[in-house]
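A.B. asks: Right, I'll just put the structure down here and ask away after.
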Amino acid sequence: MSSVSPIQIPSRLPLLLTHEGVLLPGSTMRTSVDSARNLQLVRSRLLKGTSLQSTILGVIPNTPDPASDAQDLPPLHRIGTAALAVQVVGSNWPKPHYTLLITGLCRFQIIQVVKEKPYPVAEVEQLDRLEEFPNTCKTREELGELSEQFYKYAVQLVEMLDMSVPAVAKLRRLLDSLPREALPDILTSIIRTSNKEKLQILDAVSLEERFKMTIPLLVRQIEGLKLLQKTRKHKQDDDKRVIAIRPMRRITHVSGALADEDEDEDNDDIVMLEKKIRTSSMPEQAHKVCVKEIKRLKKMPQSMPEYALTRNYLELMVELPWNKSTTDRLDIRAARVLLDNDHYAMEKLKKRVLEYLAVRQLKNNLKGPILCFVGPPGVGKTSVGRSVAKTLGREFHRIALGGVCDQSDIRGHRRTYVGSMPGRIINGLKTVGVNNPVFLLDEVDKLGKSLQGDPAAALLEVLDPEQNHNFTDHYLNVAFDLSQVLFIATANTTATIPPALLDRMEIIQVPGYTQEEKIEIAHRHLIPKQLEQHGLTPQQIQIPQVTTLDIITRYTREAGVRSLDRKLGAICRAVAVKVAEGQHREARLDRPDAAEGEGCKEHILEDGKSNPVSDTTDLALPPEMPILIDFHALKDILGPPMYEMEVSERLSQPGVAIGLAWTPLGGEIMFVEASRMDGEGQLTLTGQLGNVMKESAHLAISWLRSNAKKYHLTNASGSFDLLENTDIHLHFPAGAVTKDGPSAGVTIATCLASLFSGRLVRSDVAMTGEITLRGLVLPVGGIKDKALAAHRAGLKRVIIPQRNEKDLEEIPANVRQDLSFITASCLDEVLNAAFDGGFTVKARPGLLNSKL
Ligand code: ADP
């Protein structure tokens, strides 16, 4: 024992109050310092002090949260550990604090606190006088025996650990070199003990007591270790056994024999999955991948995140319709009937679809182009797609591509990503459960592009008949044959479809409907559908054709029929309320005590007339059935008309003309307004115009300037130089909508001719056509849609480029009857047709004089 050097601590110690952890003599601990008192102690004692003595602290454990900045000193634990501060690390984040590394020296006891602020200082008495060890015990032998016992347990414990670890080997050596009386403290802080136990050891001032208290802790740790080693051994054995059993199981399956353990297996999801994989008809390559994955899955613990991922993957693989398909019903006559029944008009589209189906009937494995229906919203593109699926007897699935800007939406995410999933194509196949559905790729023109790749490029692979028999989704990572899938695409315009994609598709234009067609569609399809959806019968509501026309002209302005359908829905809802109210009233009148009511008599009359089939439903009919929707009812339900015929009003001044524009939503009439004012020959254009439109405006002005003399066009001061001291402002109302395209050229020229001549443009004329600098009129697109728009707006005359004459054939006969089409090859002809009495020189002198 002489080797133990006596430790003498100062009689006054600054106190470090700790809340968590107990520092025992001989051990080292890291503690965080952030309370005001402790921070002060560190700053003024440890950081400023220079002597060794200033690094000795009294560590008082178990202080009731020293961080709480109560003014008074909290009650202090009586016994503490004198410690040497070995290291101080400061940090300002997240709040100012220090981390101290302290080594316990010996126990002390507080005699009295001599100072409380800024940090407590106490007069202390040192408790461990190590050099006096033999004398502190009652009998040497007793302690010798206790310490011997303790030493044996300690050695046993350390030898149970992995001696190849350097720290363990060092500990083993320390057991022999350290004085025995220091061991209880050191080992208590090494083994697994609670703070409470450590505190008890700290409080055990007598060595004998300390040995007695630590031996059970050592024994507990030894037992714990033994148990752990036992279970580890078991697990290793189990693993070996499982590996041994698995090949045996496989053999029983292969032979087809139903082993006894089958019942257990059925409960086991993995075995079920394995079974499914075996029985699934997936191709060889996919099967191989599945077998590999299931092998991995079996080895994985269920708690691993990858377990769920792999399982989901395998479940998708077995669910996919690798070989499942429906049989096509290829009867062209039936298809024609079905298409006709479902859709009114749209002859061109139906014809092309039938051709497509006919070719399919003759040659089953068709590698034809993908059909793409292009037209304004609500013209029935989606609904034709659905009908195609119905005629073929195939499953139908719609994939909305609007706004998709990530190629993994189409092709899936790789399985390495968190939250990875298959793309929409594979998901769609899983949903329909067959490998030959009709996929409607809705809104291909609205595909986006982003940093995550170009979805259009991914679609190329899907749509290309040469490639899509082995389409590889990133998630699946094995090829899936898409060649049996019938793809139909829809779009509002071809302008924004990526060219490579457009190249693979056959475009079928679906133009908007005429008013007459809309009326027919409403009465044949939309109204019956809405009545059914609202639980109404024709006996309860009648919508005459004039009302439908009113809805079309005054409540909607669209190329398709979607708004019309919505308005009809609104009417049905309003009528449903009336009917329900009527039923309520009737039910009351029907009661025996009210049987003499007037309403009831009428109702019996109605009953006899209308529907003898079911007494109960007829009884429910209120007397005033059917409700007739006339103009007044329409106003009540839908509010005042939204659109009025405003065309003639707006053309009551010179400098206004009506053009015809084509937009993805169908044809539209477009006003062009011009005014002039004093200025310096500036041209101002407003109304969100594109560059092409601006160029058209400049062309029109140049042409008019060069022909000013011929037509006697003058500026405000009568000069033929139209821009002399004059500014011109051209405006295209509906300024929120971006407009571009060359077809407004003739309209701008006409509008300006009106402005400079002071004559009114005919109020019933609309026009379209591109112009050249020499005044020629070039052909433009979308004539049918534009003609329909003019018809909708109630115009009578439409001026079109001569070279567009051939397009007139497409225009429905009734529209052609109502409109007079004038073809023009140069601007002279346009102007002559746009002004009453032509736009010739002879009318000029008078007008010119009046201006002068
Ligand atoms: P799109 O896909 O062109 O935007 P939808 O196919 O969704 O339009 O059609 C909207 C509604 O109009 C559907 O209820 C559809 O049945 C109906 N519809 C459109 N055109 C016709 C038509 N020619 N005959 C019958 N119903 C039609």
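The values are calculated or read from the model by the stated rules, or taken from the named source; none is laboratory data. Source: prediction; values computed, not measured. Quick reminder, even Gly has a Cβ in these numbers, built from the backbone with ideal geometry, and neighbours come from all protein chains shown. Heavy atoms of the whole protein, side chains included, go into the accessibility calculation; ligands, DNA and RNA do not. Shrake-Rupley method; radii C 1.70, N 1.55, O 1.52, S 1.80 Å.
A.B. asks: Arrange the peptides 664-672, 809-817, 505-513 so that the one whose residues have, on average, the most other Cβ atoms within 10 Å appears first.
C.D. replies: Answer by packing, highest mean first, reads 664-672, 505-513, 809-817.
A.B. asks: Can you compute the label reach from Gln285? Point 7 Å from Cα along the Cβ direction, backbone N cut-off under 20 Å, restricted to region 470-505.
C.D. replies: So the set is 470-485.
A.B. asks: If you don't mind, another one. Once R0 is set to 60 Å, what does the formula 1/(1 + (r/R0)^6) return for the Cβ-Cβ distance between Arg78 and Ala479, expressed as a FRET efficiency to the nearest 0.05?
C.D. replies: With R0 = 60 Å, the Cβ-Cβ based efficiency is 0.20.
A.B. asks: Another question, if that's okay. Could you order peptides 566-575, 552-561 by the average number of other Cβ atoms within 10 Å of their residues, highest first?
C.D. replies: Final packing ranking: 552-561, 566-575.
A.B. asks: Please report the relative contact order for region 379-500, taking Cα pairs under 8 Å with a sequence separation of at least 6, and give it as a percent rounded to a whole number.
C.D. replies: 31
A.B. asks: Using 0.36 nm per residue, how much length does the chain from Asp269 to Val114 gain when fully extended, once their Cα-Cα distance is taken away?
C.D. replies: 48.7 nm
A.B. asks: In nm, to one decimal, how far is the Gln40 label point from the Lys324 one, both placed 7 Å along Cα→Cβ?
C.D. replies: Using points 7 Å along Cα→Cβ, the separation is 7.7 nm.
A.B. asks: So what is log10(I(q)/I(0)) for region 143-229 at q = 0.14, 0.19 1/Å, when the Debye sum runs over its Cα atoms only?
C.D. replies: Debye intensities relative to I(0), on a log10 scale: -0.46, -0.84.
A.B. asks: Assuming 0.36 nm per residue, please report the length gained on full extension of the stretch Thr537 to Ala308 beyond their Cα-Cα distance.
C.D. replies: Stretched out fully, the Thr537 to Ala308 stretch lengthens by 77.2 nm.
A.B. asks: To continue, here is another question. Between Val577 and Asn470, what FRET efficiency comes out of the Förster formula 1/(1 + (r/R0)^6) with R0 = 51 Å and r the beta carbon distance, rounded to 0.05?
C.D. replies: Calculated value: 0.35.
A.B. asks: Could you work out the per residue convex hull volume over the alpha carbons of region 280-319, in cubic angstrom?
C.D. replies: Value for region 280-319: 53 Å³ per residue.
A.B. asks: Still on this structure, I have one more. With the crude spin-label approximation of a point 7 Å out along Cα→Cβ, what separation in nm comes out for Leu161 versus Val86?
C.D. replies: Spacing of the two 7 Å Cα→Cβ label points: 1.5 nm.
A.B. asks: Between Arg816 and Thr231, what length in nm is gained on full extension when 0.36 nm per residue of separation is reduced by their alpha carbon distance?
C.D. replies: 201.4 nm
A.B. asks: Another question, if that's okay. Would you mind classifying region 12-126 by shape? Square roots of the alpha carbon gyration tensor eigenvalues, ordered a ≥ b ≥ c; an a/c under 1.5 is rounded, otherwise it is prolate if a/b is larger than b/c and oblate if not.
C.D. replies: Note, shape of region 12-126 comes out rounded.
A.B. asks: Quote the FRET efficiency, to the nearest 0.05, computed for Arg220 versus Arg386 with a Förster distance R0 of 56 Å and r equal to the Cβ-Cβ distance.
C.D. replies: 0.15
A.B. asks: I want the antiparallel fraction of DSSP beta bridges within region 647-834, as a percent rounded to 5.
C.D. replies: In region 647-834, DSSP labels about 55 percent of beta bridges as antiparallel.
A.B. asks: First check a/c for region 768-837, with a ≥ b ≥ c the square roots of the eigenvalues of its C-alpha gyration tensor; if it is under 1.5, answer rounded, and if not, answer prolate when a/b is larger than b/c or oblate otherwise.
C.D. replies: oblate
A.B. asks: To continue, here is another question. Under 23 Å Cα-Cα from Lys806, which lysines qualify once same-chain neighbours fewer than 8 residues away are excluded?
C.D. replies: Of all the lysines, those that pass the test against Lys806 - Cα under 23 Å, at least 8 places apart if same chain - are Lys348, Lys350, Lys351, Lys784, Lys786, Lys796.
A.B. asks: Next question, about the same structure. Where does each of Leu171, Leu819, Leu760 land when they are ordered by accessible area, with a 1.4 Å probe and the largest first?
C.D. replies: So the residues, ranked largest to smallest area, are Leu760, Leu171, Leu819.
A.B. asks: For Lys226, which lysines qualify as cross-link partners when the Cα separation must be under 19 Å and same-chain residues fewer than eight apart are set aside?
C.D. replies: Excluding near neighbours in sequence, the set is Lys152, Lys235.
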